[in-house]
Amino acid sequence: MTPPTPPPPEAPHSGVAPTHAAHASSSSELRPVPLVQANQDSAVGSRLRVHGWVHRTRSSGGIAFLVLRDATGQMQVTAKRDVLGEEGFARTEKALVESALIVDGVVASDRRAPGGHELRAERVEVVHTAEVFPIYAEQTEEFLLDHRHLTVRTRELVATTKVKAEALRAARAFLDQEGYWEVTPPILSGNAAEGGSEAFELEYFGQKAYLGQTAQLYLEALIYPLEKVYAIDPSFRAEKSRTPRHLCEYTHLEAELAWAGMKENLDIQERLVSAILHQVAERRKEELELLGRDPKELRSIEPPFERIRYEKALEILQGQGFDLRWGSDLATAEERAITLERTSPVFVTHFPKELKAFYMLQDPDDPRTVMGADLLAPEGYGEIIGGSCRETDIGRTIAQLEARGIPRAPYEWYLDLRRYGSVPHAGFGLGVERVVRWMTRREHIRDTMPFPRTPSRLLP
Ligand code: ATP
Ligand code: MG
């Protein structure tokens, strides 16, 4: 099922600015038109205004050819000395890559221009003349990361950023339609949610505080008044292991639902992921293609996703020569092996309880395991969601905290949730950058973040 989709952000607003000779005398009346609208057959012959940044420029024999870029696309501009005059032409010619311009002109067809049209400039205003832009092909990855504030303008990062925005829009539309309330849990907390070593610690007016690793405990509190809740927040993990799928700060989409068990939990996850894939495939086709992903591959993924138990996953991996036994965790290499040949995601369910957090519900049919699942993306990408049913009994929750040596005091408030109206409930956390990495086939997860935070990078 596809959720209703809001209007595409780049859809024409009011059509191309009408521009007939009667208006042409007063250029101040022109309102800027997005390049994607100017670069269209329906605009041919119109006199209009665009603004943007110089993407490419060359000049010969009194004509400058510029390619302008804005948030919607690109368009060629031709500027002639005999139209602009000596001074106007000289300024235009000197506008290096990334200079900012406002151009008034008339749209003409030109098969050789990107998009098939060009704007023949009648007036060029150079808003800013850029210095020599330091970003060009064949620079080292380190240099590009050091200049991320500039490389965010490159085509691949623009495409990935738009795919991510579309994914978030799709997720919100889907969850809204399913009756979920978006809530705003805190990022700063006195709880290190899972008691782990991966929490960033900081000083908070003389107390120890942590940056949130998950909002789950707060979402659990909010199901009592709201039943179905979700949040899209940054989560922080002091991940020391450098893998292509771990960031120190990432975007966490977490949802929690009351009156739900394993079936409802997996059902909402696979429908959410499918809704995201389908909307991105439909609305960000060009961006996906630029990034090397065929949108059809995403469109063809439909629920239900296959479910395999942890025990079965171990057998498959042992069959492939992995040295694993009951209790071994599935890390990057194992998840890669399970998913490499797949084209659709797969749930791995019923992990040993020792591998998972204190709040997960033990399976009454196999108490060695918990009623949780990780959702693994295909083609080797691996985990994109971790979820579970939550323990609802206060005694067993305390026992699990104790078994893990987690001090009880900061969790007293959480234990209250098992004192007043405790009901079966379940939830999950989806790593937005993990999903975007898979959709856009990025080698490294940092390329799904405009300003990635990794152990060695805090600037820009
Ligand atoms: P992993 O085993 O890959 O480290 P995890 O078990 O620590 O994941 P959870 O604590 O279940 O992950 O977090 C929920 C989701 O958040 C994960 O399924 C994943 O999509 C995402 N996630 C977790 N850690 C990171 C990270 N360091 N960078 C990006 N996304 C992450
Ligand atoms: Mg982890």
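Coordinate-derived values only; no laboratory data. No experiment lies behind these values; they were computed from the predicted model shown. Using ideal geometry, Cβ is built from the backbone for each residue, glycine included, and neighbour counts are taken over all protein chains shown.
Here is how the numbers come out for the structure above:
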{"read-out": "Whole-number D in µm²/s for region 106-181 (Stokes-Einstein; Kirkwood sum over Cα pairs; 25 °C, 0.890 mPa s)", "value": "145"}
{"read-out": "Modelled FRET efficiency - R0 25 Å, Ser422 with Asp267, Cβ distances, 0.05 increments", "value": "0.65"}
{"read-out": "Neighbour-count ranking [beta-carbon atoms within 10 angstrom, fewest first] of Asp393, Asp447, Asp374", "value": "Asp393, Asp447, Asp374"}
{"read-out": "Length added when fully stretched, Thr154-Asp176, from 0.36 nm per residue minus Cα-Cα", "value": "4.6 nm"}
{"read-out": "Kirkwood hydrodynamic radius of the chain, from inverse mean 1/r over distinct Cα pairs, in Å", "value": "25.1"}
{"read-out": "Cα-derived Rg over Rh, computed across region 346-399 with Rh taken as Kirkwood radius", "value": "1.04"}
{"read-out": "Signed unit charges on C-beta, dipole axis of the chain, positive-most listed residue Tyr218, Leu401, Ile187", "value": "Ile187"}
{"read-out": "Per residue Cα convex hull volume in Å³ - calculated over region 338-460", "value": "161"}
{"read-out": "For region 169-241 versus region 343-362, the gap between their alpha-carbon centres in whole angstrom", "value": "19"}
{"read-out": "Highest-first arrangement of 69-75, 183-189, 166-172, where packing means the average Cβ count within 10 Å", "value": "166-172, 69-75, 183-189"}
{"read-out": "Against the rule of thumb 2.2 N^0.38 Å, how large the Cα Rg of region 115-234 comes out", "value": "1.66"}
{"read-out": "All lysines inside 26 Å of Lys164 as judged from Cα atoms, apart from same-chain residues fewer than 8 positions distant", "value": "Lys228, Lys240, Lys285, Lys296"}
{"read-out": "Stokes-Einstein diffusion coefficient of region 46-128, Kirkwood radius over Cα pairs, 10 °C, 1.306 mPa s, in µm²/s", "value": "130"}
{"read-out": "Tail fraction, Cα-Cα pairs, region 35-85, threshold 18 Å, whole percent", "value": "36"}
{"read-out": "Label-point separation in nm, Glu286 to Thr140, each point 7 Å along Cα→Cβ", "value": "3.6"}
{"read-out": "Separation between Cα centres of region 308-341 and region 255-270, rounded to whole Å", "value": "25"}
{"read-out": "All-pairs alpha carbon distance profile, region 24-165, 10 Å steps from 0, percent", "value": "12, 40, 33, 13, 2, 0"}
{"read-out": "R0 of 56 Å, Cβ-Cβ distance Trp326-Glu86: FRET efficiency to nearest 0.05", "value": "0.10"}
{"read-out": "Surrounding net charge for Arg271, when Lys and Arg each add one and Asp and Glu each subtract one, Cβ distance under 14 Å", "value": "-4"}
{"read-out": "The chain - share of DSSP beta bridges that are antiparallel (%, nearest 5)", "value": "90"}
{"read-out": "Scattering curve values for region 182-280, log₁₀ I(q)/I(0), Debye with Cα scatterers, q = 0.15, 0.18 Å⁻¹", "value": "-0.73, -0.97"}
{"read-out": "For region 272-401, Kirkwood radius (reciprocal of mean inverse C-alpha pair distance, Å)", "value": "16.2"}
{"read-out": "Mean separation of Cα contacts under 8 Å (6+ apart) over length of region 364-460, as relative contact order %", "value": "25"}
{"read-out": "Modelled FRET efficiency - R0 35 Å, Arg123 with Phe451, Cβ distances, 0.05 increments", "value": "0.40"}
{"read-out": "Span-rule helices in the chain, defined as complete DSSP H runs reaching 30 Å or more along the axis (Cα) with Kyte mean at least -0.5", "value": "155-177, 262-283"}
{"read-out": "Magnitude of the charge dipole, region 58-151, Cβ model with Lys/Arg +1 and Asp/Glu -1, debye to 20", "value": "400"}
{"read-out": "Farthest positive-ward along the chain dipole, Cα basis, beta-carbon charges - from Ala313, Thr349, Phe236", "value": "Phe236"}
